[in-house]
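Notes to accompany the following structure.
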Amino acid sequence: MSGFLMAAGRLGSIAALIALLIILIKKLIALVSFLMIALKVGIVIAFIALLLLIVITFLSARNRRRREAEEF
């Protein structure tokens, strides 16, 4: 009987460790996917900001050239 309990205890602890490893791997996959989504969103926001900066620079240069042409 005691041999059966020792075997069951060892198998139970191994099964618990395997279950914990599976849960850890699932959580790591979720963390990595969240970080990838955050990185993609950051890249899109940076791209939109760059495009807005280019448009603002273009419009201000155009207005400056128009004012210089009116002065002459």
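The values are calculated or read from the model by the stated rules, or taken from the named source; none is laboratory data. Predicted, not measured: the structure shown is a model, and the values here were computed from it. Using ideal geometry, Cβ is built from the backbone for each residue, glycine included, and neighbour counts are taken over all protein chains shown.
Points to keep in mind about this one:
- Enumeration of residues in segment 1-44 that are modelled with pLDDT of 95 or more and of a type in the set (K, R): K26, K27, K40
- Selected residue [under 26 Å from the mean Cα position of the chain (by Cα) and surrounded by 10 or more Cβ atoms within 10 Å (Cβ to Cβ)] from L20, L11, L59: L20
- Residue check, G42 in a helix (DSSP H, G or I), within 30 Å of the chain's Cα centre (by Cα), surrounded by 10 or more Cβ atoms within 10 Å (Cβ to Cβ) and of a type outside the set (A, V, I, L, M): yes
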